[in-house]
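Heads up, the thing below is written out as structure tokens.
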Amino acid sequence: MLGYIPLVNFFPFLKMIKRPWWWFFILLCPGINLLMLVIMNVELGIAFGKRSTKDQWFFGALPWVAIPQLAFKQKEVAYVGPRDWTGKKKSTMREWGEAIVFAVVAASIIRTFFFEAFTIPTPSMEKSMLVGDYLFVSKMSYGAKIPQTPVSVPFVHNALPGGMTNSYVDWFSVPYFRLPGFGKVERYDPVVFNFPHGDTILVDPYYAGHDYHSFLRNEAMRFAGSYEAYLSNTGKYNQMARDNFAVKKRCNICGQEQGRQSFPIGGVKARPMDKKENYVKRCIGLPGDELKIINHQTYINGQPIEDPKGMMLSYHLVMKSRKALDKVYKDYKVNISDRHIQGTNGTVSSFTKEDVENLKKNPDLVSIEVNNDSLQENFMAIFPNSPLAPFNTWSRDNYGPIHIPAKGETIQLTPENIATYKRTITSYEGNTWEQRDGKIFINGMEATSYTFKQDYYWMMGDNRHQSADSRYWGFVPEDHIVGKPVFTWFSKEDKSYQETGEIRWGRMFRTVK
């Protein structure tokens with residue numbers, strides 16, 4: 001009977017070919033499961049006496065033909081058991097083949113359940129993690145997730161190298177499940193997670209990692225001609241933007257970024273949760289917290305909290321000469337992308353508090369002033385991306401208050417918090433949502449309250465003015481958490497951000513804090 005139950009039927013399969021039961025977990029490793037299934041199918045044929053080279057290729061390449069033949073030819077074939085290698089010498093080719101298979105299997109298990117390599121692509125976490133840092137991320141810290149799309153190419157995240165072709169198939173998936181870990185996410189932890197807004201992407205290698213929903217709003221506003229016109233008919237202009245992305249495969253707002261009239265893309269596609277782009281930020285808000293930001297200072301439950309060590313803000317800096325400004329760029333290793341020249345000797349660039357104190361002692365300094373976003377119209381750029389007050393005047397430096405949902409917590413649904421929690425209830429918790437006649441219907445039932453099914457976190461970059469984080473796209477669900485960066489094993493300057501491109505020997509073999 002077990003043979004009729006999906007997934008469970010692997011256990012009698014393994015028993016039949018006399019392989020250990022824990023091979024079942026190897027079958028959950030993306031990519032490697034395909035190799036393991038080929039091996040198991042070949043061994044099944046061998047167990048029924050199909051041992052010629054031709055038979056083994058047949059069972060490995062066409063198992064959906066070969067295995068049913070065993071069932072329909074019960075009188076002609078008999079179970080003889082796996083091949084016994086006792087006292088026999090394997091060929092050199094077989095020994096090398098088994099060694100390679102073992103190496104691939106071992107590496108896949110380590111990558112899936114223990115540690116995964118990760119590269120820092122942007123300066124959002126400087127000075128803690130720099131562009132060009134190569135890290136090991138611990139899956140054990142919070143518990144490894146069982147891959148939800150297990151049929152995929154090994155050692156590739158979501159797209160085959162050199163293009164945007166999926167490295168996985170989405171017609172087969174398993175429910176979310178997390179193995180036990182060493183602990184829970186704590187405040188100030190650096191965390192790698194699947195980007196929550198990455199459920200839909202623009203099909204382009206560069207823009208795939210950006211916020212599709214933000215691009216959609218900006219593209220729609222461009223069609224409308226003004227923010228006010230967009231608000232007068234958001235449905236119409238959002239649909240025009242979707243059609244431009246998906247049907248015409250053009251992105252005008254992307255072209256505007258690159259100084260072009262328009263920009264060709266490959267359309268739009270959806271991605272499953274475990275194949276969303278990986279982001280790394282620092283956890284600032286925990287489930288159940290109320291968070292607020294006033295003039296850069298973060299408050300949790302009404303109390304100011306300590307800034308992470310090395311946190312950066314952008315400053316308006318003016319020096320006496322361009323030579324002195326260039327020296328500041330060099331001495332403080334200001335990224336090329338962060339050198340926003342103003343006038344001849346001025347810049348808007350990011351520095352730590354310690355940097356600022358040192359700059360104030362520089363005899364060539366004219367002035368230095370922190371960049372502070374005042375409360376003004378944000379054009380829906382700030383989460384919850386609503387044109388309604390008070391959300392429409394929140395900024396990255398003056399934000400909230402906002403309540404972070406916790407598992408089992410019940411909130412009353414009001415016109416004031418719909419914008420904040422609607423996406424959480426629908427996209428992250430899998431419910432339907434409808435509003436009619438002034439009432440809210442969740443999964444077809446009228447609702448005045450909602451109880452959250454999982455915990456949520458608030459993530460922010462240490463480089464506060466150079467980070468697209470929870471202030472822009474909101475909460476990070478617990479099921480999106482991937483792991484904790486623990487160790488920098490290599491570091492090299494990226495020439496897109498630093499001129500030299502040299503190896504940072506001093507950052508190698510250091511723990512991540």
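The rows are residues; the columns are (1) at pLDDT 95 or above; (2) closer than 30 Å to residue 364 by Cβ; (3) not in a strand (DSSP E or B).
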site	(1), (2), (3)
266	no, no, yes
281	yes, no, no
284	yes, no, no
288	yes, no, yes
298	yes, no, no
309	no, yes, yes
313	yes, yes, no
318	yes, yes, no
>> Looking for something in a strand (DSSP E or B) and either under 16 Å from the mean Cα position of the chain (by Cα) or within 20 Å of residue 474 (Cβ to Cβ) (or both) - is there at least one such residue anywhere in region 211-228?
In response: no
> Just for helices (runs of 4 or more DSSP H) wholly inside region 12-114: which have at least 1 residues that are touching a helix residue (DSSP H, G or I) at 6+ places or on another chain (Cβ under 8 Å) and not hydrophobic (A, V, I, L, M, F, W, C)?
Replying inline: 32-47, 53-61, 63-72, 92-113
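Let's see how each residue does on (1) among the acidic types (Asp, Glu); (2) modelled with pLDDT of 90 or more:
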{"position": "98", "(1), (2)": "yes, no"}
{"position": "112", "(1), (2)": "no, no"}
{"position": "119", "(1), (2)": "no, yes"}
{"position": "125", "(1), (2)": "no, yes"}
{"position": "130", "(1), (2)": "no, yes"}
{"position": "134", "(1), (2)": "no, yes"}
{"position": "139", "(1), (2)": "no, yes"}
{"position": "144", "(1), (2)": "no, yes"}
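Looking at 220, 229, 224, can you tell me which residue is modelled with pLDDT of 95 or more, of a type outside the set (S, T, N, Q) and surrounded by fewer than 15 Cβ atoms within 10 Å (Cβ to Cβ)? If you could, list the steps in order and put the result at the bottom.
Values: 220 fails: surrounded by fewer than 15 Cβ atoms within 10 Å (Cβ to Cβ); 224 fails: surrounded by fewer than 15 Cβ atoms within 10 Å (Cβ to Cβ).
Residue meeting the stated conditions: 229.
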>> Checking the condition over 30 Å from residue 303 (Cα atoms) and either surrounded by 21 or more Cβ atoms within 10 Å (Cβ to Cβ) or not small (Gly, Ala, Ser) (or both), which residue from 252, 194 passes?
In response: 252
> Can you name every residue in region 339-367 that is open to solvent by 30 Å² or more (accessible area, probe 1.4 Å) and within 22 Å of residue 293 (Cα to Cα)?
Replying inline: 353, 354
>> Go through (1) more than 19 Å from residue 382 (Cβ to Cβ); (2) of a type in the set (Lys, Arg); (3) in contact with an Asp or Glu (Cβ under 9 Å, 6 or more places away or on another chain) for residue 322 and report which single condition fails.
In response: (3)
> In this structure, does residue 471 turn out to be surrounded by fewer than 17 Cβ atoms within 10 Å (Cβ to Cβ), basic (Lys, Arg) and at pLDDT 90 or above?
Replying inline: no
>> Show the residue pairs meeting these rules: Cβ distance below 9 Å; 6+ apart or different chains; first residue within region 184-203 and part of a strand (DSSP E or B); second residue open to solvent by 10 Å² or more (accessible area, probe 1.4 Å) and of a type in the set (Asp, Glu).
In response: 192/116; 194/274; 194/277; 194/479; 201/277
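Of 119, 165, which residue is among the hydroxyl-bearing types (Ser, Thr, Tyr), open to solvent by 20 Å² or more (accessible area, probe 1.4 Å) and without any contact (Cβ under 8 Å) to a residue 12 or more places away in the chain?
On the way: 119 fails: without any contact (Cβ under 8 Å) to a residue 12 or more places away in the chain.
From the options 119, 165, the qualifying one is 165.
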> Of all residues in region 444-468, which are small (Gly, Ala, Ser), open to solvent by 40 Å² or more (accessible area, probe 1.4 Å) and closer than 20 Å to residue 378 by Cβ?
Replying inline: 468
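Do you know which residues across region 232-249 are on the phi > 0 side of the Ramachandran plot and buried (at least 18 other Cβ atoms within 10 Å of the Cβ)?
Our first condition is that a residue be on the phi > 0 side of the Ramachandran plot; within region 232-249, this holds for 249.
Of everything in region 232-249, nothing turns out to be on the phi > 0 side of the Ramachandran plot and buried (at least 18 other Cβ atoms within 10 Å of the Cβ).
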>> List pairs: first residue in region 336-363 and more than 22 Å from residue 132 (Cβ to Cβ), second residue hydroxyl-bearing (Ser, Thr, Tyr) and open to solvent by 20 Å² or more (accessible area, probe 1.4 Å) anywhere in the structure, Cβ distance under 6 angstrom, at least six positions apart or on different chains.
In response: 345/321
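The values are calculated or read from the model by the stated rules, or taken from the named source; none is laboratory data. Predicted model only: the values in this text are computed from it and were never measured. Neighbour counts are summed over all protein chains in view; Cβ atoms, including those assigned to glycine, are modelled from backbone coordinates with ideal geometry. Accessible surface is based on the protein model in full, side chains and every heavy atom, while ligands, DNA and RNA are left aside. Shrake-Rupley method; radii C 1.70, N 1.55, O 1.52, S 1.80 Å.
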